[in-house]
Amino acid sequence: MNPISPIAAVLLLAASGIGLAATNTTELNQNGTGNTATADQTDPGATDNFISQQQTGSFHNANALQQAEVGSSIYQVQDGNLNSAYTLQQDGAYNSAYIHQEGSINDASIYQLGSRDSNSWIIQSGFGNQAEIAQILGTGNVARIEQYGQVHNAYIGQSSSFDSDAFIYQEGTGNEAQIAQTGSSHFSAIQQIGSSNRAYTDQSGMHHEVDILQSGLGNETYVMQVDWGNSAKVSQNGFNNSANIVQSGALGLGGGHLAIVSQSGGLNEATVIQSGFSETAIVNQIGSGNIAIVVQ
C-alpha cells in the first residue's frame, strides 16, 4: 500500500471539509482604480479571525465574512468614489467591525448575527450615504453610525440585545435614522442637524432611555419604550416639528417614565402617553402651530 504524502493529506482534509486549526488573519491594500476586495476566511469553525481591507481611489466595493467566527474583528476603510462595503461575522464570539468610507456613493452594512461581545461602527463622510448595523442575538452590544453630508439614512437593530447602547449622528441633508433594541439595559441617542430630519427608536423591556436632538427643517420623532426604566427627552429646533412618545408600564409592571419634549419654531405638535406608575412629562413649545396632548 502506498503511503499518502503529507501534502496530499492536507489537500484531502481540506477537500473533505475537515478543517485544520485556523488562526486566520488577512490584510489587503489596494490603491487606485477598479478596486473590489473580498476576504472570507473559509469557515470550518473560523477561529482567531481578523481581516482589514483598505482601498483608496475609484470603484471600491469590499466584502469580508468570517462565518462560524470566534476571535472576530474586520475593519474596512475605503476612500474616494463608488464605495460600498459589507461585513458579516456569523455565529459569534468577541466581535467588533468598523467601516469608514469617505467620498461618493457610500453604502455600508455590518451584521454580526450570533454575536457576543459585539461592537460595530460605520462612519461615512460625503454623498450617497446609507448604513445599517444589526447585531441580532446579543450580549455586549454598542453600535454607532455617523454620516456627515448628503442623502443619509441609517438603521441600527440589536434584536435580542442585552447591554445595548446605540448612537446615530448625521449632519446635513437627507437625514432619517432608526434604532430599535429589544431586551435589557438600552440607551439610544440620535442627533441629526439639518434638513429633512425624522428619527424613530423603539426599545423593549428593561432600563430604556433615549435622547434625540434634531435641529433644522423636516423634524419629526417617535419614541416608544415598553416596561421598566423609561425616560426619553427630545428637543427639535425649527421647522415642521412633531414628536410622539409612548412609554408604558402598569400591568407589565415597571414604568419609571419621564419624557421631556421641547420644540422651538415651526408647526409644533407633541403627544406623550405614559401608562402607570412614575409618570412626569414636561412639554415646552415656543413659536407657531403648537398643540400638545399628554395622557398619563
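The values are calculated or read from the model by the stated rules, or taken from the named source; none is laboratory data. Remember, predicted model here, so these are calculated numbers, not experimental data. We place every Cβ from the backbone using ideal geometry, glycine too, and count neighbours over all the protein chains shown.
The figures follow:
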read-out	value
Matching residues, region 241-296, being out of contact with any strand residue (DSSP E or B) (no Cβ under 7 Å at 6 or more places or on another chain) and among the aliphatic types (A, V, I, L, M)	Ala250, Leu251, Leu253, Leu258, Ile291
Selection count where residues are over 17 Å from Ile105 (Cα atoms), part of a loop (DSSP other than H, G, I, E, B) and within 25 Å of the chain's Cα centre (by Cα), scope region 38-82	17
Matching option when the condition is touching a Phe, Trp or Tyr at 6+ places or on another chain (Cβ under 7 Å), under 24 Å from Asn153 (Cα atoms) and free of Cβ contacts under 8 Å to residues at least 60 places away in the same chain, among Gly266, Gly205	Gly266
Residue within region 241-253 that is of a type outside the set (Phe, Trp, Tyr), under 17 Å from Ile179 (Cα atoms) and outside any strand (DSSP E or B) present	yes
Region 219-240: number of residues that are among the hydroxyl-bearing types (Ser, Thr, Tyr) and not in a loop (DSSP other than H, G, I, E, B)	1
Test: residue in region 156-166 that is out of contact with any helix residue (DSSP H, G or I) (no Cβ under 6 Å at 6 or more places or on another chain), surrounded by fewer than 24 Cβ atoms within 10 Å (Cβ to Cβ) and within 23 Å of Ser242 (Cβ to Cβ)	no
Which listed residue, of Ser231, Ser235, is under 17 Å from Ile282 (Cβ atoms), modelled with pLDDT under 95 and under 25 Å from the mean Cα position of the chain (by Cα)	Ser231
Qualifying positions in region 33-43 - at pLDDT below 85 and either surrounded by 16 or more Cβ atoms within 10 Å (Cβ to Cβ) or among the basic types (Lys, Arg) (or both)	Gln41, Asp43
Per-region count, region 191-219, residues of a type in the set (Asp, Glu) and surrounded by fewer than 19 Cβ atoms within 10 Å (Cβ to Cβ)	2
